[in-house]
Every structure is written in structure tokens, then in C-alpha cells.
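Take a look at the structure set out below.
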């Protein structure tokens, strides 16, 4: 798989994820633990998450 770092990841090595894509799935892993577990999403689920994430980040935590 060809992994790339998220454009939202910081350059100081903090909270970073990497993503690999294929026609059938999107794979996500912690860039600091390349041998660790990965999350796998269908393209539809990934699209829904990417659309929802900015809204969730802007919402106040109660």
C-alpha cells in the first residue's frame, strides 16, 4: 500500500495519521506506529466521516 500523511497532521510529530486508498477501501494508521493497527473504511463511510469531522470539531463539548 502507498501511505501518505494527512494534510491536517502537524509537522512537529504530534498527532499524525497516514492514509492509504484503494478502490474498495480507505486505510488509516498512526504515523508513529506503522506496524500497529489500522482502521479500514468503505469509501462511503470515509466520505461521511470527512464531511462530519469539521462540524464535530466546531461543536462545543458539554
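The values are calculated or read from the model by the stated rules, or taken from the named source; none is laboratory data. No experiment lies behind these values; they were computed from the predicted model shown. No Cβ is skipped: glycine too gets one built from the backbone with ideal geometry, and neighbour counts run over all protein chains shown.
One residue stands out in the stretch 34-62 among those that are part of a loop (DSSP other than H, G, I, E, B) and at pLDDT below 90: the one that is farthest from residue 1 (Cα to Cα), namely 62.
Identify, please: which residue in the stretch 17-33 is outside any strand (DSSP E or B) and surrounded by 11 or more Cβ atoms within 10 Å (Cβ to Cβ) and is, among those, modelled with the highest pLDDT? Within the stretch 17-33, the match that is modelled with the highest pLDDT is 25.
Taking the criterion of being at pLDDT 85 or above and in a loop (DSSP other than H, G, I, E, B), the only residue of the stretch 3-15 that qualifies is 3.
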